[in-house]
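Undergrad: I'd like to ask some things about the structure below.
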Amino acid sequence: PNGQVYDGYEPTWVVDGGVGQITSDGVFTAETVGSGQIRAFAGSAERTVPVTVVAPRPPQISSFRVNPQTIPASGGEIFISAAIKDGDGVRVADVTVEILPAGGAAIELPVVVSNPATAVLCPGTTDCYTDASFRASFQVPANDNTPSGDGVQAQESYSVILRAADRSGAASQSQFVEFVVQGIDAPPAKPAI
């Protein structure tokens, strides 16, 4: 593989089936959906492996989390994370997190790669990933619902969704995850005197 010499010979690579091209270094580039095989020759050695090229698929979003899902009435920070895999590659700019407050305007959050040391980069790029974890955070404001006449403040509900598009234009989105900002309960009754 890749520049190694066998019995004094550089390997020669051949793609059968018309599914793609391969460089003299053994780097395969898929071009056509279908099945084929890659053959490598070096001196008297020969090896054949099957290869299947599939059509572009949308990004696979997994492990989508919002933590914590209950915030005190005074507000607090939430953390949003997800893992995304995609054969065509996903750019950081094409991953968005949107928070939808009940009755309010959507809030779009920037994301960053949370595992830069282990994320898998797209070949030849610096801001495109075929397998990476992404994260965002948001400072949730205090509950601003007006308390009722008896001092009870209703909780505020929010929904969070993550969307990702790959370099082929295929897109996917997570399920909505809910979180709430607690309300304030009625004060305790004054003791009878």
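Undergrad: For a quick check of your reading of the model, give me the residue pairs whose first member lies in the stretch 36-62 and is within 18 Å of Glu10 (Cβ to Cβ), whose second is part of a loop (DSSP other than H, G, I, E, B) and open to solvent by 100 Å² or more (accessible area, probe 1.4 Å), with beta-carbon atoms closer than 6 Å and at least 6 apart or on different chains.
TA: Filtered contacts from the stretch 36-62: Gly43/Asp7.
Undergrad: Might you check whether a residue that is at pLDDT 95 or above and charged (D, E, K, R) occurs anywhere in the stretch 109-130?
TA: Among the residues of the stretch 109-130, not one is at pLDDT 95 or above and charged (D, E, K, R), which makes the answer no.
Undergrad: When you scan the stretch 56-148 for strands (runs of 3 or more DSSP E) that lie fully inside it, which ones turn up with 2 or more residues that are buried (at least 18 other Cβ atoms within 10 Å of the Cβ) and β-branched (Val, Ile, Thr)?
TA: 60-67, 76-91, 95-101, 128-140
Undergrad: Then there is this: So, in the stretch 94-105, of the ones that are among the aliphatic types (A, V, I, L, M) and at pLDDT 95 or above, which residue ends up farthest from Gln69 (Cα to Cα)?
TA: Among them, the one singled out is Val95.
The values are calculated or read from the model by the stated rules, or taken from the named source; none is laboratory data. Everything numeric here is computed off the predicted structure, so don't read it as measured data. FYI the Cβ positions are ideal-geometry reconstructions off the backbone, even for glycines, and counts take in every protein chain you see. Only protein heavy atoms, including side chains, enter the accessible area calculation; ligands, DNA and RNA are left aside. Shrake-Rupley method; radii C 1.70, N 1.55, O 1.52, S 1.80 Å.
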